[in-house]
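What follows is a set of notes on a single structure, which appears directly below.
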Amino acid sequence: MRDDARLEDLGDGLFAYLQPDGSWGLSNAGLVSDGEESLLVDTLYDLPLTQRMLDQMVAATPAAKHIDTLVNTHANGDHCYGNELVGGARIIASTASAEEMNEVTPTIMAAMLKGADEMGEAGVFLRHAFGEFEFEGITLTPPTETFDGRLDLRVGDHSVELIEVGPAHTRGDVIIHVPKAHAIFTGDILFIDGTPIMWEGPVANWIDACEKIVALEPEIIVPGHGPLTDTRGVLKVRDYLIYVRDEARKRYDAGLSAREAALDIQLADYSAWLDSERIAVNVLTLYREFGDTAPPPGPLEIFELMAELAR
Ligand SMILES: [Zn+2]
């Protein structure tokens with residue numbers, strides 16, 4: 001278990017739970033509270049990690065003893081596999097996220113890791129990315145309520161705006177704006193000091209999402225992975241997406257395959273970001289968007305390519 005995760009008091013009853021260094025599966029979460037009322041933003045990848053976070057939240061504020069509402073920003077397991085530990089809460093996600101949650105379940109992750117030894121280089125990569133999490137014994141706990149577009153909630157005196165900006169990183173990404181605190185929890189619309197991974201696209205939606213965040217003029221920004229940031233951090237993510245989109249397009253037009261493009265694109269300064277091998281997924285998603293008719297590679301091939309790029 002990692003011991004560098006910490007709860008950060010953001011003021012106004014808001015907290016961020018940060019898991020350095022934000023690499024594969026090491027997601028952030030948040031809490032909005034006022035008086036006795038509380039809203040949790042995301043759970044973590046497994047039950048021990050989520051329980052430890054909840055314990056720290058209870059130690060920080062009595063409002064966390066009973067979580068009234070949980071919002072899952074999107075369907076990736078590192079943002080929802082811990083849901084069963086906030087039993088009794090109203091659990092909210094976008095309709096698209098709720099549907100997507102049924103696809104990559106903890107059971108699938110556990111089975112994939114069990115079979116990793118027979119998967120060659122892809123298996124080594126899977127263990128490196130996901131091997132330290134405990135996927136066995138998790139009961140996937142789906143949202144109790146879904147919405148499309150926008151949903152406004154109240155947590156005591158805080159108004160809380162759920163704004164659907166997906167499909168982008170996944171099919172139903174939601175950001176959470178708390179205007180009185182000038183704060184936004186962005187889910188995986190932001191990876192800070194780490195490489196964004198575009199499972200779904202279209203890239204234009206993700207670029208728009210970055211611009212929406214900046215337009216809300218937040219002073220506190222809690223990304224899905226990595227340290228707290230400001231609007232400059234948001235613009236860096238936007239610029240990465242534009243750069244990769246343009247570089248992939250040049251190679252698509254020149255007739256390179258997605259694999260060739262992923263291996264060919266020079267990441268320059270972005271190569272210093274964690275997990276730069278995610279360019280493989282980003283190029284594959286962009287190629288689909290550009291109209292590539294090659295059959296999409298399976299998960300094994302994708303992880304093989306990322307392993308090759310990570311070398
Ligand atoms: Zn994540």
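The values are calculated or read from the model by the stated rules, or taken from the named source; none is laboratory data. Note that the structure is predicted; figures quoted are calculated from it, not measured. Note that we place each Cβ from the backbone using ideal geometry, even for glycine, and neighbour counts take in every protein chain shown. What goes into the accessible areas is simple: the full protein's heavy atoms, side chains included, and nothing from ligands, DNA or RNA. Shrake-Rupley method; radii C 1.70, N 1.55, O 1.52, S 1.80 Å.
Values as computed for the structure displayed
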{"read-out": "More than 33 angstrom apart: percent of Cα pairs within the chain", "value": "20"}
{"read-out": "Cβ-Cβ FRET estimate between Y243 and R288, R0 fixed at 22 Å, reported to 0.05", "value": "0.75"}
{"read-out": "Residue-span extension gain [R90 to E211] - 0.36 nm each, minus C-alpha spacing", "value": "40.6 nm"}
{"read-out": "Calculated FRET efficiency for the pair L228/S257, C-beta based, R₀ 30 Å, to 0.05", "value": "0.20"}
{"read-out": "Per residue, in Å², the accessible surface of the chain once ligands and nucleic acids are set aside, probe 1.4 Å", "value": "41"}
{"read-out": "Eligible aspartates and glutamates near K250 by straight Cα distance, threshold 15 Å, same-chain separation 8 or greater", "value": "E260, D264, E289, D292"}
{"read-out": "Percentage relative contact order, the chain, counting C-alpha pairs under 8 Å, at least six apart", "value": "16"}
{"read-out": "Relative contact order (%) - criterion: Cα under 8 Å, at least six apart; region: the stretch 1-149", "value": "21"}
{"read-out": "Global geometry of the stretch 246-304, whether rounded, prolate or oblate, following the gyration tensor of its Cα atoms and the 1.5 cut on a/c", "value": "oblate"}
{"read-out": "Mean-position separation - Cα centroids, the stretch 72-98 and the stretch 288-308, in angstrom", "value": "28"}
{"read-out": "Length gained when the stretch D264-A204 is fully extended (0.36 nm per residue, less Cα-Cα span)", "value": "19.3 nm"}
{"read-out": "Mean Cβ neighbour count within 10 Å, used as a protection proxy, ranking 22-33, 209-220, 109-120 highest first", "value": "22-33, 209-220, 109-120"}
{"read-out": "Value of [θ]222 nm, deg cm²/dmol, for the chain, DSSP H segments ≥ 4, -39500 (n - 2.57) each, nearest 500", "value": "-10500 deg cm²/dmol"}
{"read-out": "Packing-based order for 86-98, 41-53, using average beta carbon neighbours within 10 Å, highest first", "value": "41-53, 86-98"}
{"read-out": "Tensor-based shape of the stretch 44-91 (alpha-carbon gyration tensor, a/c under 1.5 rounded, otherwise prolate or oblate)", "value": "oblate"}
{"read-out": "At R0 = 25 Å, FRET efficiency that the Cβ-Cβ distance of N102 and R6 yields, to 0.05", "value": "0.20"}
{"read-out": "Carbon and sulfur %, accessible surface of the chain computed with the full protein complex present, 1.4 Å", "value": "50"}
